[in-house]
1. Can you flag which of 41/76; 46/107; 46/68; 46/155; 33/69 are past 19 Å Cα-Cα?
2. Tell me, 109, 148, 79, 122 in order of fewest to most beta-carbon neighbours within 10 Å?
3. Among 91, 146, 121, determine the one that fluctuates most according to a GNM of the chain built with springs between C-alpha atoms less than 10 Å apart.
4. Helix by helix through the chain, keep the DSSP H runs that span 18 Å or more along the axis on Cα and average at least 0.5 on Kyte-Doolittle, and give those back in order.
5. Gaussian network model of the chain, Cα springs within a sub-10 Å range: biggest mean-square fluctuation belongs to which of 83, 15, 130?
6. Only one of the values [x] 147; [y] 119; [z] 160 was calculated from this structure for volume of the Cα convex hull per residue in Å³; name its label.
7. May I ask you to sort 139, 34 by Cβ crowding, counting other Cβ atoms within 10 Å and putting the fewest first?
8. Counting other C-beta atoms within 10 Å, and keeping those with at most 14, which DSSP coil trypsin sites (Lys or Arg not before Pro) do you find in region 1-85?
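Here, each number is a calculation from the coordinates, and none is a lab measurement. Keep in mind the model is a prediction, meaning the values are calculated, not measured. Using ideal geometry, Cβ is built from the backbone for each residue, glycine included, and neighbour counts are taken over all protein chains shown.
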Amino acid sequence: MTKGKYPGKLVTLFTDAGYCHNTLAGSWAAWAKCDDNTMRKAGALKGSLRDSTEAEIQAILNGVFCLKKFFQPPAKSFVILQTDSQHAILHLSQRQRSQIFEHYRLKFVEAMQDLRWEFRHVQGHQGTKTPRHAVNTWCDEQCKLHLVEARKNSKVTRLSA
């Protein structure tokens, strides 16, 4: 970390989500790094989801809550949020306002109020060709594993058209 550029800590957070259109179930994964410490978390999302954007937004929120608990970054720390969901970035960064996702945006703003942050888009499904892609691939694999669990616990089944 470059001294002066980030007065607190520098935290990098990668998140991803899985979503099943038939069961409306979702899963999430988060990988974060701060100093020499690494956090890895994943699981099934609760309840029925509207779409994949809602799953991606919930994955980001889960990742943020986990990194705050795990790293306890001091105020003014800088968080780089990396996701393969451009829609989630647009909704949470206020570049695209939607009443549907406004309550998530407000939770995000509240969670990040004492931190500085920026979103970065990482192209998904690229294997391990760069370290960023390798972390995104790990998140994607965790989402696939936990989506199986989420589907089993889903109380919804949509008929395919």
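1. Values: 41/76 24 Å; 46/107 17 Å; 46/68 21 Å; 46/155 11 Å; 33/69 13 Å.
Result: 41/76; 46/68 exceed 19 Å.
2. Details: 109 11, 148 14, 79 25, 122 18.
Lowest to highest Cβ neighbour count: 109, 148, 122, 79.
3. It is 121.
4. 52-71
5. Fluctuation is largest for 130.
6. Here volume of the Cα convex hull per residue in Å³ agrees with entry [y].
7. Values: 139 29, 34 20.
By the 10 Å Cβ count, ascending: 34, 139.
8. Values: sites: 3, 5, 9, 33, 40, 41, 46, 50, 68, 69, 76; in loops: 3, 5, 9, 46, 50, 76.
Within region 1-85, the qualifying trypsin sites (Lys or Arg not before Pro) (loop, at most 14 other Cβ atoms within 10 Å) are 3, 5, 46, 50, 76.
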